[in-house]
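Notes follow the structure.
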Amino acid sequence: MTTLTATPAVRGTGVRHCFGDTVAVDGVDFDVAAGTVFGLLGPNGAGKTTTLRMITTLLPAPAGTIEVFGVDVARHKLAVRRLIGYVPQQLSADGALSGRENVALFARLFDVPRARRRHVVDAALESMGLSDVAERTARTYSGGMIRRLELAQALVNAPRLLVLDEPTIGLDPIARASVWERIIEVRAKTGMTVLVTTHYMDEADQYCDRIALMHRGRIRAIGTPAELKARSEEHTSELQSHHDL
C-alpha cells in the first residue's frame, strides 16, 4: 500500500553544513514524496550522512530549511523526532541484551504505553523475522540479523518516515537482500516513507522510486532509476561519439 500526499515527507531548501572549513553539504534542494522509497546515492564523503543527520535533528542546518511532513526541523525538533524512525550507519544494538530487550528499550524511550508495549515489541520483532531468536543475546546474531534488529527498534514508534544510513553496508548479498525484503514488506503494509543512503547502485536501482546522486556535498541529479540510467547512457554515447571523431 503506497499513500501519496501533497505535502512532501521531506523538503530541503538551500541546505548547507560545514565542519570547520570543510563544506560537507553545499546548498542542496530536494523533495521526498510521501509513501516513496527515496535513495541518496554517492561515494563516501559525498555528504549523504550529514544530510540525514540534519533531517533527523542530530545536526543543525546553519543555512537553508528542512521540513518533515511540513514540520520545521530547526524549530520543532521533538515533533519531528516523533515522526521518524532512524537506523544510523554505526551499529547501535546492545550485544549484552536479548533481541527483545533491545526493542523493548526503544519502546520505553519512545514512551510506548505500558499496556501496548508487549504487543508493539512482538509486532516489530515479527516484522523483521526475529521472533524465533528474540530471547537470544544480540551478540549471537549475524550481521544481517543485527541490522534487522535495529530496524525493529526503529519501528516501535510507528514512524511515518524511516531513515536508513547505509543499512546493508558490510553485509553479504544474501543478508543484504533479506534486510531489503523486510524493509519493502513493512513499507507496503504501512505506507511509510523510506529515505535511505547507499553506495550500492544495484540496491538503488531495484528498490528506490527516486534517487538523488550526491557528490562533494551537492546533488548532481535527481530522478527515477530509469531516468538516471537513460541520462548516463546518453552521456556515454556522446562521449563515445566525440572520441570516434
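The values are calculated or read from the model by the stated rules, or taken from the named source; none is laboratory data. The structure displayed is predicted, hence computed values, not measured ones. All Cβ positions, even for glycine, are placed from backbone atoms using ideal geometry, and neighbour counts span all protein chains on display. The area values use the complete protein model at the heavy-atom level, side chains included, leaving out ligands, DNA and RNA. Shrake-Rupley method; radii C 1.70, N 1.55, O 1.52, S 1.80 Å.
Tabulated values for the structure
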| item | result |
| --- | --- |
| Length gained when the stretch ASP202-ASP72 is fully extended (0.36 nm per residue, less Cα-Cα span) | 43.5 nm |
| Relative contact order, percent, the chain [alpha-carbon distance under 8 Å, six or more residues apart] | 27 percent |
| Cα convex hull of the stretch 173-223, projected area averaged across orientations, nm² | 4.0 nm² |
| Helix-only [θ]222 nm of the chain, DSSP H runs n ≥ 4, -39500 (n - 2.57) each, per residue, nearest 500 | -12500 deg cm²/dmol |
| Cα-centred dipole magnitude for the stretch 123-186, charges only on beta-carbon of K, R (+1) and D, E (-1), debye, nearest 20 | 80 debye |
| Nearest-20 debye value, the chain charge dipole, Cβ charges on Lys, Arg, Asp, Glu | 1120 debye |
| Distance between modelled label sites at ASP111 and ALA96, nm, 7 Å Cα→Cβ extension | 2.9 nm |
| Burial order of peptide ranges 45-52, 164-171 (average beta-carbon count within 10 Å, highest first) | 45-52, 164-171 |
| Whole-Å semi-axes of the ellipsoid equivalent to the stretch 1-57 (Cα gyration tensor, √5λ, descending) | 25, 12, 8 |
| The stretch 12-68 - percent of accessible surface contributed by carbon and sulfur, probe 1.4 Å | 53 percent |
| Whole-angstrom gap from the stretch 1-60 to the stretch 91-113, using each part's C-alpha centre | 27 Å |
| Two-decimal Rg/Rh across the stretch 91-135, once Rg and the Kirkwood Rh are taken from alpha-carbon atoms | 0.95 |
| Positive-end residue of THR190, THR50, THR168, charge dipole of the chain with Cβ unit charges | THR190 |
| The stretch 90-186 - Debye-derived log10 I(q)/I(0), Cα point model, q = 0.13, 0.15, 0.22 Å⁻¹ | -0.39, -0.52, -1.15 |
| Protein accessible area in the stretch 96-240, 1.4 Å probe - carbon and sulfur % | 53 percent |
| Cα convex hull of the stretch 59-134 - mean projected area over all directions, nm² | 6.7 nm² |
| Exposure of LEU83 as accessible area (Å², to 10), given a probe of 1.4 Å and all protein chains | 30 Å² |
| Most mobile of ILE174, ILE184, ILE66 in a GNM of the chain (Cα contacts under 10 Å) | ILE174 |
| Sequence of PHE19, PHE110 from largest to smallest accessible area, 1.4 Å probe | PHE19, PHE110 |
| Within the stretch 1-127: Cβ-based charge dipole about Cα centre, in debye rounded to nearest 20 (Lys, Arg +1; Asp, Glu -1) | 480 debye |
| Fraction in percent of alpha-carbon pairs per bin - 10 Å, the stretch 1-123 | 11, 35, 33, 18, 3, 0 |
| Peptides 218-224, 31-37 ordered by average Cβ neighbours within 10 Å, highest first | 31-37, 218-224 |
| For the chain, alpha-carbon Rg and Dmax in angstrom | 18.8, 73 |
